[in-house]
Each structure stands twice: as structure tokens, then as C-alpha cells.
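Bear in mind these aren't lab numbers, they're just calculated from the coordinates by the rules spelled out. The shown structure was predicted, so the numbers you read here are calculated from the model rather than taken from an experiment. Note that we place each Cβ from the backbone using ideal geometry, even for glycine, and neighbour counts take in every protein chain shown.
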Amino acid sequence: MSYEPGITVVSEALQLLPHERRNAIGQAAIEIMMQEIFVWGEMQTDPNFGNYLVRVSENEEDIDRLVLLDFGAIRQFDGNLLTIARDLLRAGYRHDQHAMSIAMKGYDFFDSMSNKVRSDIASLFLLATEPFSDPEKNTNIPSECLDEQNRYIWANSKLHSRLSTTATRAMQSFEFNLPPKEFMFISRKFIGAYTFLTVLDAHTNSNSLVKPYL
């Protein structure tokens, strides 16, 4: 164990940082998550605010740093699930419903669904990956969710409530069962990151986040 200095993600000092610095911190939070899933194959699966600190730089030539705490909730994922996750992300980036449905194949939870339910879940995933989609391909992104540089504005997205509405509709099918716990761990990580970036009021660039993993 080690002592790691920093301020909490809900501190006033963080909110008072210039917006571009907060954008960089938000971008780093997503980049770490991408590294966990697609490079390291393991993830810290408890993304509550108490497990993040921000080490604010006092030197303008240095960068602010995001600190992760508590590695007691590390999960490793098998190659098949990670391949499916990568394909889902690729389909989300291209905002391609058909590709999203194809990407779900080969995983027992999805394979057991009817075509109708699988289509509903694919639509849910398309919405969930909206922040990582190419704005030029995804014309469904609300205009208020993009800034002048086509970066995603998390605080304007209302993504959590939109996802809840779509998920409720998808889960009303009598065929729907709860996903395996490994999939739920990844989903929880994304939800935690979404909340963090919304509180941070970050604007993030989907191209630099996703393209390295396509």
C-alpha cells in the first residue's frame, strides 16, 4: 500500500480548474478504461467517486494526473468476452446497428435471445456507445451534446436517464434474463465513468479515444 495525495473528484477545487484541464482529466478517465479492457485485460470494477483522486499540477508545464485507488475489486476477463467488447465498441463508433447485432454473436447470453430482443439490446448498445461514436456517422447525437470541435458534452447528454428508459423497454420482454456477472462488471465500470465525466462537465473526443482500438 502507498499514500497517494490528491483531491476528490467532487471537490470545489477541481470544479474551479479551467475547463480544458477538466476535459483532459475526463479524457484520461476514459483512456484508462479503454486500456483496462483492451490492453491489460483486467479492470478495477468499483468505479465509485471514493476510488478516484486528482493530483492537480502546480506547474503549468506539467499535467494533472488521475489516481486510481483500491485494487481489491480487480477482475480479469477472457479473450472471447474482450473480443466481443471490442467489436461492440467498433460498431458503436460507426453507429452501425447491423454490425452491433453481429458483434453480439458468440456469447451465450446474446445467442439465447430471439432476433427481436437482440435487436432491442443492439439499440441499447448503440445509445450506450453514443459518446464514443463518430459524430460524422452518428446523426442521432443531439446537437446540444456536441461542442464546436465535435467533442461530446457529457453534462448535456442526459445519457443515464435515456439509457434507463431504453433499458427498461428492452428488459420488459419475458425472454430477457440478467446478464452474466462479468458483463455486469464491465457495464458498472462504464456507468461509473459516465457519472464521473458528467460531474466533471468534460468534453471528450471520440476519435482519439476509440480509433487506437479499432
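Couple of notes before you dig in:
- Close amide-amide hydrogen proximity is noted between Leu146 and Ile153, each under 5 Å apart and 5 or more residues distant or on a separate chain (H modeled in the peptide plane; Pro and chain starts excluded).
- Normalised by the number of residues in the stretch 1-112, the mean separation of alpha-carbon contacts (under 8 Å, six or more apart) gives a relative contact order of 23 percent.
- Note on the chain: dipole from Cβ charges, positive end direction compared against Met100, Asn23, Val39; the farthest Cα belongs to Met100.
- About its Cα centre, the chain has a charge dipole of approximately 780 debye under the convention of +1 per Lys or Arg Cβ and -1 per Asp or Glu Cβ, with nothing else charged.
- Max mean-square fluctuation residue, GNM over the chain, Cα-Cα springs under 10 Å, options Gly192, Gly72, Gly106: Gly72
- In terms of overall dimensions, the C-alpha atoms belonging to the stretch 108-214 reach 43, 28, 25 Å along their principal axes, ordered largest to smallest.
- Computed per residue of the chain from DSSP H runs no shorter than four, each worth -39500 (n - 2.57), the mean residue ellipticity at 222 nm is -14500 deg cm²/dmol.
- All-pairs alpha carbon distance profile, the stretch 1-159, 5 Å steps from 0, percent: 1, 8, 14, 16, 17, 17, 13, 8, 4, 2, 0, 0
- By other beta-carbon atoms within 10 Å, ranking Ser2, Ser157 with the fewest at the front produces Ser2, Ser157.
- Close amide H contacts of His203 (hydrogens built in the peptide plane, cut-off under 5 Å, sequence separation of 5 or more or a different chain): Asn23.
- With Cα atoms, 0 to 90° folded angle of helix 115-128 axis to the chain main axis: 10
- If R0 equals 30 Å, the separation of the Cβ atoms of Arg65 and Phe109 corresponds to a calculated FRET efficiency of about 0.20.
- Per-residue packing, averaged as other Cβ atoms within 10 Å, sorts the ranges 10-18, 181-189 into the order 181-189, 10-18, beginning with the highest.
- For Lys189, the lysines whose Cα falls under 17 Å of its own Cα, not counting residues fewer than eight places away in the same chain, are Lys181.
- Evaluating 6.51 cos²θ - 1.76 cosθ + 1.60 at θ = phi - 60° for every residue in the stretch 66-73, the Karplus couplings come out as 8, 10, 9, 10, 6, 9, x, 10 Hz, glycine and proline recorded as x.
- All Cα-Cα distances of the stretch 1-94, cut into 10 Å bins from zero to the largest, leave 14, 40, 30, 15, 1 percent in each bin in turn.
- Scattering profile of the stretch 25-78 at q = 0.13, 0.16, 0.26 Å⁻¹ [log10 I(q)/I(0), Debye over alpha-carbon scatterers]: -0.36, -0.53, -1.08
- Derived value for the stretch 81-160: Kirkwood hydrodynamic radius 13.1 Å. Basis is the mean of 1/r over every pair of different alpha-carbon atoms.
- In sequence order, the stretch 19-33 has phi-based couplings of 4, 5, 5, 5, 4, 5, 5, x, 4, 5, 4, 6, 4, 4, 4 Hz under the Karplus curve 6.51 cos²θ - 1.76 cosθ + 1.60, θ = phi - 60°, and Gly or Pro positions carry x.
- For the stretch 86-101, Karplus couplings with θ = phi - 60° (6.51, -1.76, 1.60), whole Hz, Gly/Pro x: 5, 5, 5, 5, 4, 5, x, 4, 8, 6, 10, 4, 5, 4, 5, 5
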